[in-house]
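Participant: Let me give you the structure first, and then I'll get to my questions.
Values in this text are rule-based calculations from the coordinates and carry no lab data. Keep in mind the model is a prediction, meaning the values are calculated, not measured. Ideal geometry is used to build each Cβ from the backbone, glycine not excepted, and the neighbour counts take in all protein chains shown.
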């Protein structure tokens, strides 16, 4: 009987639910469910019974879809939280950069020049020594003092990394070491 009344049920269901897709899905699901069961006996109005079955299935689908929408809302909220965390990290990074700039300005001129040449311009120790007319050992001592000062101002620990016999100091892994010597 469902196959015979399919178009009529679809139109009526579409009017009630406002969705042709939902009407089609509910009718298909009803057909599959009713196909597995034997014909119920003693139903006075089989057409009304079938339509009520289809309406119940459509209502169940709509409830299920609303729960799915809630899952989408949850995922969207998680994305908002991630964006907020990203913005918070950006503000924190900007504050760290401002603190580093203040710490660099506090350095004596030669120490500041050594620090900037080594960490910003990424010049090797030997090139810095030559350009400033001082020994490599003095460049290394000035760089160490500059790094210690900046680490103290930023409330960070210096991480020392060694490579090919040369020590490289980093602020908690954030800054690159010398690019050769």
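Participant: If the chain between residue 62 and residue 3 were fully stretched, how many nm would it gain, using 0.36 nm times the residue separation less the Cα-Cα distance? Provide the component values of the computation, followed by the final result.
Facilitator: Values: separation 59, 0.36 × 59 = 21.24 nm, distance 2.30 nm.
Full extension from residue 62 to residue 3 adds 18.9 nm.
Participant: Using r as the Cβ-Cβ distance of residue 92 and residue 131, and R0 as 30 Å, what FRET efficiency do you calculate, to the nearest 0.05? Mind dumping the intermediate values first?
Facilitator: Values: r = 35 Å, r/R0 = 1.16.
FRET efficiency, residue 92 to residue 131: 0.30.
Participant: Cut-off is 10 Å between beta-carbons; in what order do 29, 92 appear when sorted fewest neighbours first? Provide the component values of the computation, followed by the final result.
Facilitator: Numbers: 29 16, 92 10.
Starting with the residue having the fewest Cβ neighbours, the order is 92, 29.
Participant: May I pose another question? Can you work out D for segment 108-156 in µm² s⁻¹ from Stokes-Einstein, where Rh is the Kirkwood radius over C-alpha pairs, the temperature is 4 °C and the viscosity is 1.567 mPa s? Before the final figure, lay out each step's value.
Facilitator: Numbers: Rh = 10.6 Å.
This corresponds to a translational diffusion coefficient of 122 µm²/s.
Participant: Please give the FRET efficiency for residue 102 paired with residue 158, using the beta carbon to beta carbon distance and R0 = 25 Å, rounded to the nearest 0.05.
Facilitator: Working: r = 18 Å, r/R0 = 0.72.
So the FRET efficiency works out to roughly 0.90.
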